[in-house]
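What follows is a single structure, written as structure tokens, with notes after it.
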Ligand SMILES: O=C(O)C1=C[C@@H](OP(=O)(O)O)[C@@H](O)[C@H](O)C1
Ligand SMILES: C=C(OP(=O)(O)O)C(=O)O
């Protein structure tokens, strides 16, 4: 499905309920499979959560998790220690190019029986689940925090718990803290200090109900819309000021663009205020890689310069996001320089019209570019990709007065 997008710059007012965080949901589903005493409220309706849930229900044989990185990494650890199970876990063409060696090496050192079906270091994996006895493992921490969270999630089910010694500079740290907080809320003790994560062993939990907060990364597109609008009041629920999600740093970052966040009971109200003249945005997004595309496109729309750093993980996500951003922003007339971990966008005076944006099977490419419809007309290829994290995205955009039309 290709979509053309239109929106005239008029006042934006809306009240939206955003789906649950896929990161929180996928952690909780793994924990619930280990400890059925856990009840989950406000589970995400994202494809990534649906595939993980189905995989856990199937529990055996061929498991296809499509594009879902967290599902791939978390299930690898989960099945590796599920005694007696035999699975082949595979995914989309892109998933077969996303590295998993560090996690597999760590699990193998812990005694797991995992083989690569094709290329060493990449899915598909053939896993024969067995009881793991190790209580300590080393792991390089600068490639993906999902490997660390995967081990943390199974740690408490091992007879002696698990100590994870992190090597190198830790990346995407808030996701590790999110895992720890969710474990604690479930009643599992643990800590993360310096280069060491520890998870205590637990056999059985007290019954507990845990509510998933709405997804802040999904909320980022409304921050961008508010920033690009002349006037906006957008209420989003269910969000909390004391969020477990690192992407809640949006509230602070978007102040540079004149967007104020008011915290209400269970929701946030985004209000566009007159922007302080800000010439150049400079952000290190090592802790919140998923909002890099959103911020880059906000700057493009506002003709602002930006330097985004700490982006070394973007190359191994749903697509090479640095290259994808450069390619697509340049179609609008932007000048963009990228390195292995940095993106530099120069101010763009006039935005080209009637461009067709490629999405590269990356939900965030479609959603990050959508707010640009406030400034110019263009179309988005394969707009259905949004369902990876936010299936109702286009429906919600219509609530804000965006016009979308399917084109052949
Ligand atoms: O643990 C998680 O839920 C996630 C961790 C991050 O990945 P990396 O740790 O690979 O950067 C993030 O980009 C991804 O969308 C979700
Ligand atoms: C990188 C992402 O997801 P994952 O790694 O779980 O596929 C994302 O949602 O932006």
>> With the requirement that a residue be closer than 16 Å to residue 389 by Cα and assigned to a helix (DSSP H, G or I), what does segment 215-254 give you?
In response: 216, 217, 218, 219, 220, 221, 222, 247
> Could you list, in sequence order, the residues of segment 152-187 that are assigned to a helix (DSSP H, G or I), within 12 Å of ligand 1 (Cβ to nearest atom) and in contact (Cβ under 8 Å) with a residue 40 or more places away in the chain?
Replying inline: 152, 153, 173, 174, 175, 177, 178, 179, 182
>> Restricting to segment 303-318, give me the number of residues that are buried (at least 21 other Cβ atoms within 10 Å of the Cβ) and either out of contact with any strand residue (DSSP E or B) (no Cβ under 8 Å at 6 or more places or on another chain) or free of Cβ contacts under 8 Å to residues at least 24 places away in the same chain (or both).
In response: 4
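Only residues that are under 18 Å from the mean Cα position of the chain (by Cα) and away from ligand 1 (no atom under 16 Å from the Cβ): list them for segment 212-235, please. Outline the logic, then answer.
So the first thing to find is which residues in segment 212-235 are under 18 Å from the mean Cα position of the chain (by Cα), and the list is 212-224.
Correct list: 222, 223, 224.
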> Looking at 172, 145, 220, which is the one that is in the same structural domain as residue 367 (by TED's automatic domain parsing), in contact with a helix residue (DSSP H, G or I) (Cβ under 6 Å, 6 or more places away or on another chain) and within 16 Å of ligand 2 (Cβ to nearest atom)?
Replying inline: 220
> If you scan segment 334-343, which residues turn out to be surrounded by 15 or more Cβ atoms within 10 Å (Cβ to Cβ) and away from ligand 1 (no atom under 15 Å from the Cβ)?
Replying inline: 334, 336, 338, 342, 343
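In segment 191-204, what count of residues is obtained for those that are crowded, with 17+ Cβ neighbours inside 10 Å and either within 16 Å of ligand 1 (Cβ to nearest atom) or in a loop (DSSP other than H, G, I, E, B) (or both)? Can you show your working first?
Pass one, segment 191-204, residues crowded, with 17+ Cβ neighbours inside 10 Å: 192, 197-199, 202.
Filter once more, so that each one left must be either within 16 Å of ligand 1 (Cβ to nearest atom) or in a loop (DSSP other than H, G, I, E, B) (or both): 192, 197, 199, 202.
Total satisfying the criteria: 4.
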> Take the residues of segment 97-116 that are within 14 Å of ligand 1 (Cβ to nearest atom) and under 10 Å from residue 139 (Cα atoms): which is surrounded by the most Cβ atoms within 10 Å (Cβ to Cβ)?
Replying inline: 103
> Considering only residues of segment 54-77 that are away from ligand 2 (no atom under 15 Å from the Cβ) and at negative phi, which is surrounded by the fewest Cβ atoms within 10 Å (Cβ to Cβ)?
Replying inline: 57
> If we scan segment 385-403, do we find a residue that is in contact with a strand residue (DSSP E or B) (Cβ under 8 Å, 6 or more places away or on another chain), under 30 Å from residue 312 (Cβ atoms) and outside the structural domain of residue 68 (by TED's automatic domain parsing)?
Replying inline: no
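The values are calculated or read from the model by the stated rules, or taken from the named source; none is laboratory data. In this text the structure is predicted, and so the values were computed from the model without any measurement. Because the Cβ atoms are built from the backbone with ideal geometry, glycine has one as well, and the counts that use them run over all protein chains shown.
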